[in-house]
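Here's the structure we're looking at; comments come further down.
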Amino acid sequence: MNAPLFEVEDLVVDFGPVRAVDGVSFRLPSGPYGLALVGESGSGKTTIARALLRLVAPTSGAIRLDGEDVSHVRGGALRRYRRAVQIVFQDPATTLDPRVRIGSAIAEALRAHRLVPRERVDGRVAELLTEVGVDPMMVDRYPHQLSGGQRQRVAIARALAVEPRVLVLDEPTSALDVTVQARILELIERLRRERGLAYVLISHNLAVVERLCEETAVLYLGRVVEHGPTEDVLARPAHPYTLALRSAVPAIDVAARRSRIVLPGTVQSTGRRPDGCAFHPRCPFATDRSRAEVPALRSLSDDRSAACHRAEELLAGDLGPPGAEIEPPPPRP
């Protein structure tokens, strides 16, 4: 990878005694390029997203844009940074002000950053709505007068209004029904091509990740447990947690269906990490070493890394069937 456009190094976010994000690092090149952060609820994905936008303060670590550390910038520098890095949240119903017409919501961003002359604001709003597939005639509607998909398109238009260089997409389709999800994904793909977008996609949906992202980092209890090219990470997981996540993705083709690995228990609190590997209480391949020693995130090849004592064995296929409960594919109708 060439010099990155956006870089996060050893990011730590604490909330009192709770360490929600613990030493996360990744690099994002210029677009079109997508990097995914995946994991169950409680893995730290949204906290990372908020830290990237400086909506929560990092405890330590560095966030760099074009090589400049922006972790602690303030005033005008922070304003310029937030123009360059924008976010689209999960539920547009909670991010759009219900008392503000959608045209005014987009126009506010244009005026705040003085991107177009005053007389051009209305025309630019119409262009942005058209770009994301919303009829400009809806400019005077309130958010509650739009469907969920339309509201998310407006949220995307508002983020794009300031011409960001990096977009953070925090579960952008999970609050929408399936048919609307497909249209929003198509929109993201089109904008990626047309605008050359570089983005960080926060998701638990590996099918969406596979479709939109070249690179994937898998998170568990605030730490990266596996990182590499999306195709490799999903095809040949090097961490048992990634293996379990992949097994949960449904396959339409009956012949391609895999037995599902059902992990025992739930994600523990980041405030009560167990000794050793944080995943060992749920891991089907845990050993005494796993229970005593925290595995470091280490390189397995030029572009793959994993935090597992048995990563090489898992990649080589030397581990037997997992000891976790196996849920077979449903019978054919």
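Every condition in (1) open to solvent by less than 50 Å² (accessible area, probe 1.4 Å); (2) farther than 30 Å from Asp66 by Cβ holds for His144 except the one numbered (1). Scanning for something modelled with pLDDT under 95, assigned to a helix (DSSP H, G or I) and under 16 Å from Val200 (Cβ atoms), does region 33-43 turn up at least one residue? No, the conditions are met nowhere in region 33-43. Each residue in region 64-85 was checked for being touching a helix residue (DSSP H, G or I) at 6+ places or on another chain (Cβ under 8 Å) and either open to solvent by 40 Å² or more (accessible area, probe 1.4 Å) or hydroxyl-bearing (Ser, Thr, Tyr) (or both), and 0 of them qualify. Within region 27-57, the set of residues being surrounded by fewer than 18 Cβ atoms within 10 Å (Cβ to Cβ) and closer than 13 Å to Ala217 by Cβ comprises Arg27 only. Taking region 297-312 as the range and being surrounded by 12 or more Cβ atoms within 10 Å (Cβ to Cβ), assigned to a loop (DSSP other than H, G, I, E, B) and within 24 Å of the chain's Cα centre (by Cα) as the test, the residues that pass are Leu297, Leu300, Asp303, Arg304, Ala307, Cys308.
Within region 221-233, being touching a residue at least 60 places away in the same chain (Cβ under 8 Å) and either farther than 23 Å from Val13 by Cα or out of contact with any Ser or Thr (no Cβ under 6 Å at 6 or more places or on another chain) (or both) holds for Arg223, Val224, Val225, Gly228, Pro229, Thr230, Asp232, Val233.
Within region 51-72, the set of residues being in contact with an Asp or Glu (Cβ under 6 Å, 6 or more places away or on another chain) and not aliphatic (A, V, I, L, M) comprises Thr59, Gly61, Arg64. Out of all the residues in region 117-136, is one or more in contact with a strand residue (DSSP E or B) (Cβ under 9 Å, 6 or more places away or on another chain) and open to solvent by less than 40 Å² (accessible area, probe 1.4 Å)? No, region 117-136 contains no residue that is in contact with a strand residue (DSSP E or B) (Cβ under 9 Å, 6 or more places away or on another chain) and open to solvent by less than 40 Å² (accessible area, probe 1.4 Å).
Scanning region 100-127 for residues being under 25 Å from Leu55 (Cα atoms), touching a helix residue (DSSP H, G or I) at 6+ places or on another chain (Cβ under 8 Å) and without any contact (Cβ under 8 Å) to a residue 40 or more places away in the chain gives a total of 3. Surrounded by fewer than 19 Cβ atoms within 10 Å (Cβ to Cβ), among the small types (Gly, Ala, Ser), on the phi < 0 side of the Ramachandran plot and not in a helix (DSSP H, G or I): does that describe Ala20? Taking the combined requirement at face value, the residue does not satisfy it.
Do the conditions hold for Ser60, that is, is it out of contact with any helix residue (DSSP H, G or I) (no Cβ under 8 Å at 6 or more places or on another chain), more than 26 Å from Arg195 (Cβ to Cβ) and surrounded by 21 or more Cβ atoms within 10 Å (Cβ to Cβ)? When the stated conditions are applied, Ser60 does not pass them. For region 147-166, the set of residues classified as under 19 Å from Arg124 (Cβ atoms), open to solvent by 30 Å² or more (accessible area, probe 1.4 Å) and part of a loop (DSSP other than H, G, I, E, B) consists of Glu163, Arg165, listed by residue number. Name the single residue, out of those in region 143-162 being of a type in the set (A, V, I, L, M, F, W, C) and touching a helix residue (DSSP H, G or I) at 6+ places or on another chain (Cβ under 8 Å), that is nearest to Arg83 (Cα to Cα). Once the filter is applied, the top-ranked residue is Val162. Against the definition (more than 23 Å from Cys213 (Cβ to Cβ) and crowded, with 19+ Cβ neighbours inside 10 Å), how does Ala107 come out, yes or no? Taking the combined requirement at face value, the residue satisfies it.
Among the residues of region 149-183, those identified as closer than 27 Å to Arg111 by Cβ and in contact with a Pro (Cβ under 8 Å, 6 or more places away or on another chain) are Arg151, Gln152, Val154, Ala155, Ile156. Has region 90-99 got any residue that is over 21 Å from Arg195 (Cβ atoms), open to solvent by less than 30 Å² (accessible area, probe 1.4 Å) and touching a helix residue (DSSP H, G or I) at 6+ places or on another chain (Cβ under 9 Å)? The answer is yes, given that some residue of region 90-99 is over 21 Å from Arg195 (Cβ atoms), open to solvent by less than 30 Å² (accessible area, probe 1.4 Å) and touching a helix residue (DSSP H, G or I) at 6+ places or on another chain (Cβ under 9 Å).
The values are calculated or read from the model by the stated rules, or taken from the named source; none is laboratory data. Model, not experiment: these values are computed from the prediction. We place every Cβ from the backbone using ideal geometry, glycine too, and count neighbours over all the protein chains shown. The area values use the complete protein model at the heavy-atom level, side chains included, leaving out ligands, DNA and RNA. Shrake-Rupley method; radii C 1.70, N 1.55, O 1.52, S 1.80 Å.
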